[in-house]
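As structure tokens, the structure follows; a few thoughts come after it.
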Amino acid sequence: MSERKASHLNHAELWEQWKEHGNIEAKKSLIEKHLHIVDYVSSRLAIGLPRNVSKDDLASNGVMGLIDAIDKFDYKRGLQFETYASFRVRGAILDSLRQGDWVPRSVREKAKRIEDAYQQLEQRHLRSATDLEMSEYLNVSEKDFHQMLQEVAVMSLCSLEDPIREEESETRLSVMVDDKAKNPDYKVNEFYLRESLVKGIEKLTEKERTVVSLLYYEDLSLSEIAEVMSLSPSRISQLHSKAILRLRATLEKHRDLLMQND
């Protein structure tokens, strides 16, 4: 099949030509038709990253994730490829960022301190910890606490993608699992993970929930959210960091429970 013919086939025919007949031109067409996924995901992840992280590098790693998705996708199962590919592309980019150790150790340590503080204070008070309580717990001024949030903001994009179990290469939020293959243990863990996330979101302040909703569900950028909420981009970044660190603390508790039950 020529390249010209491949370009005129519909998606189902391209998948059949690639998967059943190993047609390279069909695979190339599938890659070209889905490059917009790489552009979208890499653009979203580029928000808030240090300037030394090139968007072209993100896109290059994203393309590798797209190719991997095309190689592994089972088109006969009737799943949405765009959703599956988005997870794979995002995972490939995040893996490259982790391997590049793009976040200084000092920033990781600050993020861990804040995360632990949220976990301890919210467990103690059974409510959201205020900025004043956080600064007192960390023995810093509120101004310094806000500065810490700004410094750890670059980590927040990867936070919820970290593995719940350190030895796992993929995350529970990104793995696509066949419903028919789920075992009872997985379903129980998935149920408690969802419950933990719901409780974690409920603990967020109204502004934090709004930022999370607009960013992850409405697909607005941080600058667009700043306009909607009439706040500065730096303030939106702080709210985003606090929300993610609170949720990380919730997931950390969930992971500890999983480890105890193993």
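The values are calculated or read from the model by the stated rules, or taken from the named source; none is laboratory data. This is a predicted model, so every value here is computed, not measured. Cβ sites come from the backbone with ideal geometry, for glycine too, and all protein chains shown count toward neighbours.
Identify all residues within the range 35-87 that are in a loop (DSSP other than H, G, I, E, B) and either under 23 Å from Ile225 (Cβ atoms) or modelled with pLDDT under 85 (or both); write none if there are none.
Ala46, Ile47, Gly48, Leu49, Pro50, Arg51, Asn52, Val53, Ser54, Gly78, Leu79
Please verify whether Ser135 is assigned to a helix (DSSP H, G or I), surrounded by 17 or more Cβ atoms within 10 Å (Cβ to Cβ) and touching a residue at least 40 places away in the same chain (Cβ under 8 Å), treating the condition exactly as stated. In short, no. The single condition among (1) over 30 Å from Glu20 (Cα atoms); (2) surrounded by fewer than 17 Cβ atoms within 10 Å (Cβ to Cβ); (3) touching a residue at least 12 places away in the same chain (Cβ under 8 Å) that Asp144 does not satisfy is (3). The selection criterion, being part of a helix (DSSP H, G or I), at pLDDT below 65 and crowded, with 17+ Cβ neighbours inside 10 Å, holds for Leu193.
Condition check ((1) β-branched (Val, Ile, Thr); (2) in a loop (DSSP other than H, G, I, E, B); (3) touching a residue at least 60 places away in the same chain (Cβ under 8 Å); (4) not assigned by TED's automatic domain parsing to the domain that holds Ala153) across all residues:
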site	(1), (2), (3), (4)
Thr210	yes, no, no, no
Ser213	no, no, no, no
Leu220	no, yes, no, no
Ile225	yes, no, no, no
Val228	yes, no, no, no
Ile236	yes, no, no, no
Arg246	no, no, yes, no
